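Scroll down for the structure; my scribbles are underneath it.
Just so it is clear, none of the values below were taken in a lab; they were calculated from the coordinates. Quick caveat, the model's predicted, so the values are computed rather than measured. Positions of Cβ are generated from backbone atoms using ideal geometry, with glycine treated the same way; all protein chains shown enter the neighbour counts.
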Amino acid sequence: MDTNLDLSCTLVIFGATGDLTHRKLLPAIYNLQYQRLLPEAFSIMAIGRKDKTSNTYREEAYKAVKKFSRFPMEEEVWKDISHKIYYESMNFLEKEGYIELQKRLQIIDEKHHTKGNKIYYMAVAPEYFQHIIDALHKHVINKEEKSWRRIVIEKPFGRDLESAKYLNSKIVEVFQEKNTYRIDHYLGKEMLQNIMVLRFANMFFEPLWNSKYIDNIQISSSERVGVENRGGYYEKAGAMRDMVQSHMLQLVSLIGMEPPNDLDTESIRNEKVKVLKALKKITQEDVQENTVRGQYGPGQLGGESFLGYREEERVSVTSDTETYVALRVFIENFRWAGVPFYIRTGKRMPQKSTEIIIQFKSIENILYFKEKILQPNLLVIRIQPREGVFFRFNAKEPGTQQKIIPVQMDFCQNCQLDINSPEAYERLLYDVMRGDSTLFARWDEVEYSWRFVDSILEGWKKQKPVFPNYEAGTWGPKETDLLLQKDKRGWINI
Ligand code: BG6
């Protein structure tokens, strides 16, 4: 890590009273301060629509940090950061606010010696992105000199390829690609960063990492929560735009990519985007065969009753929005020809878990294995909540019989008490300050993800779904099993 980098900057957060800022951004900033990673010359301009003073905002921020931070609240640490937080109330759609903001930013900049460097963080609903960028351009940024400015854009980046292209064209008018950070917080998770290390730093994985030895790959991300208070946003997104277009396809690209020439940002992104480009298009004709969508109805879990999606706040009672998606995906290249990647993600499942299962091919019937059906080897990369690697292989059961049984090795990275993995946002915010965009999506990654997703969404339009089709607290619609049964396979539950 280059310790000589000048990290001085002001973090300008649009949407500072929202959930994301309270749960993720403020705790991440506190955690960075806790580890003494923030520069002395640092400040935060928190912007929201609600009227309040900086002092009131600091009190709210304190509570949020106390509740959500991974490090305990230490008053001394908080004192170091809290006086650098300012609040500005403004209507994102009116120019007056931006004129005022520019003046305030200048004052704060001088007070905290942040040298005019800015990170503009869009933690607002996607429909505001464009307007804010335009207004910043006109009233704030053109007055800035000799400083760097970066923009962080939350997902979803657009709602289809066309809108994403338009949004991108607006961004490039103001920010260079190298200063545009399209955040996908999954890329900041420890085990996602570990995927490349596991693959490329171990002789016993990489030579087998191809269609000759791998039978199929299953990527599952389940959540126990429903849409909570995000019905308004979720109605327009659904699981496909909310999870698949970003997080799930990023996982596919990390698992599927070729080794990059070096660890340079662009070399890694070049390899990732090749995977996204090679995704076999799911057309209208084969959408039925390769996809399953679902929506949760009312249900129970652990003695608790849950509403159905259509009963949630700000959700239409006739909503056709999917809260569950399962896909059968192929990467059309030499390494992966014929290997299905099965992907599934859903809300209101029995538990929260994200994992990748690599199922190896079965051993041919030779030697004394003849009369046995051997279990295939499995490699499981556990992303969350447990972080680690699980490996299943066959061994002889102790005893006089020649009995073969599956045994396992289970490495858990975050089970030891002294390992407290950084939160994704902590790592990512720090990377923005350092100007390292490796763990952010480049425009073409977003573009090719949308190309793939748009085609499925188009296909879905042709047929009205019969929703709800799974009960809250269960593992999703039963068609999900058929998706694999057709291939004479099944979902593996470790
Ligand atoms: C977000 C989605 O990007 O990821 C949410 O918008 C989802 O709907 C969340 O709940 C899941 O993230 P994590 O880190 O809890 O797996």
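As a proxy for reagent exposure, VAL225, VAL287 were ordered by neighbouring Cβ count within 10 angstrom, fewest first; the result is VAL225, VAL287. By how many degrees, between 0 and 90 and to the nearest 10, does the Cα long axis of helix 265-277 differ from the longest principal axis of the chain? That works out to roughly 50 degrees. For LYS170, which lysines qualify as cross-link partners when the Cα separation must be under 17 Å and same-chain residues fewer than eight apart are set aside? Filter leaves LYS138, LYS155, LYS178.
Extending 7 Å from the Cα toward the beta-carbon at both LYS462 and GLU110 defines two label points whose distance is 6.4 nm. Between HIS137 and LYS103, the contour length at 0.36 nm per residue exceeds the alpha carbon distance by 10.8 nm. With a threshold of 31 Å on the Cα-Cα distance, the over-threshold entries among LYS24/LYS50; LYS115/LYS274; LYS236/LYS361; LYS281/LYS464; LYS50/LYS352 are LYS115/LYS274; LYS236/LYS361; LYS50/LYS352. The relative contact order of region 9-154, computed from alpha carbon pairs under 8 Å that lie at least 6 residues apart in sequence, is 33 percent.
Cβ distances below 4.7 Å define possible disulfide partners, and in the chain the cysteines left without one are CYS9. Arranged from fewest to most other beta-carbon atoms within 10 Å of their beta carbon, THR323, THR283 become THR283, THR323. Maximal additional length on extending the GLU173-ASN261 stretch stands at 28.6 nm, based on 0.36 nm per residue less the C-alpha distance.
Per residue, how much space in cubic angstrom lies within the convex hull of the C-alpha atoms of the chain?
172
For the chain, the relative contact order comes to 18 percent (Cα pairs under 8 Å, sequence separation of at least 6).
With the highest mean first, a sort of the peptides 99-106, 425-432 on other beta-carbon atoms found within 10 angstrom per residue produces 425-432, 99-106. Against the empirical 2.2 N^0.38 Å (N residues), region 82-151 has a Cα radius of gyration ratio of 1.09. Residue order for LEU276, LEU457, fewest other beta carbons within 10 angstrom first, comes to LEU457, LEU276. Its residue count N fixes a reference of 2.2 N^0.38 Å for region 9-154, and the Cα radius of gyration divided by that reference is 0.99. Peptides 185-196, 71-82 ranked from most to least packed, by the mean per-residue count of other Cβ atoms within 10 Å: 185-196, 71-82. Relative protection proxy for 470-476, 296-302, 239-245, from highest mean packing down: 239-245, 470-476, 296-302 (other beta-carbon atoms within 10 angstrom). Mean residue ellipticity, 222 nm, helices only, the chain: the sum of -39500 (n - 2.57) across DSSP H runs of n ≥ 4, divided by residue count and rounded to 500, is -10000 deg cm²/dmol.
Taking the Cα centre of the chain as reference, the dipole from Cβ charges on Lys and Arg (+1) and Asp and Glu (-1) amounts to some 580 debye.
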